[in-house]
1. Give me, ordered by chain and number, the residues 5 or more places off residue A:220 or on other chains with an amide H under 5 Å from its own placed amide H.
2. What list of ³J(HN,Hα) couplings, whole Hz, do you get for the range A:248-265 from phi and the Karplus terms 6.51, -1.76, 1.60, once you set θ to phi - 60° and write x for glycine and proline?
3. Kindly give the distances from residue A:95 to its copy-mates, label point to label point, with each label point 7 Å from Cα along Cα→Cβ, as nm values to one decimal ordered shortest first.
4. Which shape class, rounded, prolate or oblate, goes with the range B:72-287 when its Cα gyration tensor gives a ≥ b ≥ c as root eigenvalues, a/c under 1.5 marks rounded, and past that a/b bigger than b/c marks prolate?
5. Going by a ≥ b ≥ c, the root eigenvalues of the Cα gyration tensor, does the protein assembly as shown fall in the rounded group (a/c under 1.5), the prolate group (a/b larger than b/c) or the oblate group?
6. Counting partner chain Cβ atoms within 10 Å of every residue's Cβ in B:11-21, what's the average?
7. Which residue is it, in chain B, whose C-beta lies closest to the B-to-A rotation axis, and what is that distance in whole Å?
8. Using only Cα atoms, tell me the angle between helix A:86-95 and the longest principal axis of chain A; keep it within 0 to 90° and round to the nearest 10.
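Every number here is computed from the coordinates shown, using simple stated rules; none is lab data. Computed from a prediction, not measured in an experiment: that's the story for all the values here. Here the Cβ positions follow ideal geometry from the backbone for every residue, glycine too, while neighbour counts run over all protein chains shown.
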Number of protein chains: 2
Amino acid sequence: MRTTYECIPCAFKQGINVAKSLNMEEKKLKTMIQEILKYLSKMDYAETTPPELAKVVYEIIYKYTEVEDPFKQSKEYYNKKLLTIQDDLKKYLKNHNDFDELLKFVISGNIIDFGAIHDLSEEEIFKTIENIEDNMLSIDHSSLMEKAVKNANSIFYIGDNCGEIVFDKLFISYLKDSYKINKIYFGVRGGPIINDITREDALETGINELAEIYDTGVKAPGVLLDNLKKDFKDKLFEADLVIAKGQGNFESLSSIKRDNMFFLFMAKCSVVADKLGVKEKSLICKKI
Amino acid sequence: MRTTYECIPCAFKQGINVAKSLNMEEKKLKTMIQEILKYLSKMDYAETTPPELAKVVYEIIYKYTEVEDPFKQSKEYYNKKLLTIQDDLKKYLKNHNDFDELLKFVISGNIIDFGAIHDLSEEEIFKTIENIEDNMLSIDHSSLMEKAVKNANSIFYIGDNCGEIVFDKLFISYLKDSYKINKIYFGVRGGPIINDITREDALETGINELAEIYDTGVKAPGVLLDNLKKDFKDKLFEADLVIAKGQGNFESLSSIKRDNMFFLFMAKCSVVADKLGVKEKSLICKKI
């Protein structure tokens with residue numbers, strides 16, 4: 001999907017918040033802001049996806065802040081936090097393993113806000129999972145997805161954020177144990193971008209024991225088809241089934257031309273919600 | 001006060017919302033957005049007040065939309081709506097006329113959101129007034145202001161929005177009846193800008209029967225000292241006491257060099273609230 005003008009203040013604000021958290025020197029900050037605005041004034045938003053927009057905004061921020069991975073600490077924290085409760089999460093899955101429940105479980109990983117603040121308690125994590133049980137999927141292609149999983153020999157699963165990846169790992173492990181899937185590939189970003197998973201972050205969680213990792217080669221919070229590493233692209237089209245987690249993957253891949261691809265995420269902003277004809281914060285399991 | 005980078009996405013978003021409500025043609029909208037972003041990338045936010053910023057953003061919007069006063073209908077609606085209940089508001093004032101209550105009454109005019117949606121009921125208006133009674137003034141220079149009103153021979157009262165002006169009119173009428181004030185001047189914007197009052201809007205409410213009207217000469221949602229009409233500026237410095245309503249007047253006049261000037265408003269955004277060291281939505285009666 002393409003951005004709209006409503007994505008512009010949002011991208012700007014998000015980027016600025018990162019810069020703010022790094023306590024930049026005022027003069028440098030001002031020059032950086034001017035460069036971001038100049039880029040925004042020149043780019044054609046109707047031809048740009050939100051992750052492409054974010055990619056450039058963050059490139060500018062990283063250039064001025066000279067911090068390669070401002071979310072490093074936060075990402076490690078969330079991965080570790082979720083790994084410490086992975087046995088409890090496994091137990092939960094044992095008792096909630098019909099396909100609808102599995103989907104809601106893995107989407108709840110996308111809901112928990114893995115922001116920069118280190119205050120996520122185990123109680124809050126389980127509360128999120130329990131609350132999601134009462135929610136309907138606003139777009140519900142779960143039975144189509146279940147059928148696709150049953151028939152898949154290979155799955156390309158594209159992850160989204162740190163922390164959330166532990167939910168993905170447990171879900172993938174469950175799929176491997178329960179269905180006749182020979183091969184699972186796991187997609188990550190090509191380098192640090194916001195709190196999205198890179199190869200390094202993925203290795204921390206041990207997901208490589210279950211799946212072969214492929215990275216996009218690009219530091220963008222999504223999968224930009226035009227700049228994609230060949231092996232990632234090959235797997236994206238070769239796999240029997242693609243499962244893409246999170247809004248950034250939907251934003252960048254919603255117009256891809258292939259069958260058997262499903263998006264699992266929470267529609268976190270009004271632009272995406274409007275595009276899908278659902279309310280903000282709706283839970284989505286959508287086939288394209 | 002000067003803008004911060006946080007004002008930039010806010011100004012952009014507000015401006016775009018107006019353009020959106022006018023159903024602009026897509027190509028024109030895009031060019032307009034690019035021009036706004038180009039201006040934002042070039043202006044020095046640390047040397048610009050929020051109303052100066054809004055002035056330019058709205059100039060660009062008006063140029064592209066070719067609508068001189070997009071809020072005209074809405075402004076008329078709110079003025080009329082409030083005028084139809086002015087007798088009830090007067091009755092309310094009769095029973096709530098200690099100085100603190102008077103102030104809260106007139107600030108409640110600044111709270112009601114006179115936006116573009118025509119759905120403000122009388123019930124909601126009185127609910128706002130009643131709710132404000134329970135609220136404290138977060139910055140409370142009311143006793144200083146009462147003293148200043150008692151000693152004033154002339155007052156320059158600078159208004160803010162349509163609809164709200166009916167509260168200002170009743171407050172001014174009360175001041176005239178209760179204190180020994182010979183002359184009241186009433187300040188308005190120099191031309192249509194958002195839902196702020198112009199001379200034309202002020203005349204609709206009959207406030208000219210109580211006060212002499214002066215306009216800034218500038219289409220900005222505040223009072224820009226550098227571009228001010230001489231007679232407005234003279235009165236601003238000659239009057240014994242100045243009362244300025246609304247956040248836009250505070251943003252543009254908070255660093256003015258004169259005694260006996262009070263700002264009455266609700267701190268509607270985090271930038272202003274932070275500057276004042278109060279929470280967002282705090283009620284303010286502040287002397288400078």
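1. Correct list: A:190, A:191.
2. Result, ordered by residue: x, 6, 5, 4, 8, 10, 5, 9, 5, 9, 7, 7, 6, 10, 10, 10, 10, 6 Hz.
3. Shortest to longest, the spacings are 5.7 nm.
4. Rounded, since a/c falls under 1.5.
5. prolate
6. 2
7. Minimum Cβ distance to the axis, with residue: B:9, 2.
8. 50 degrees
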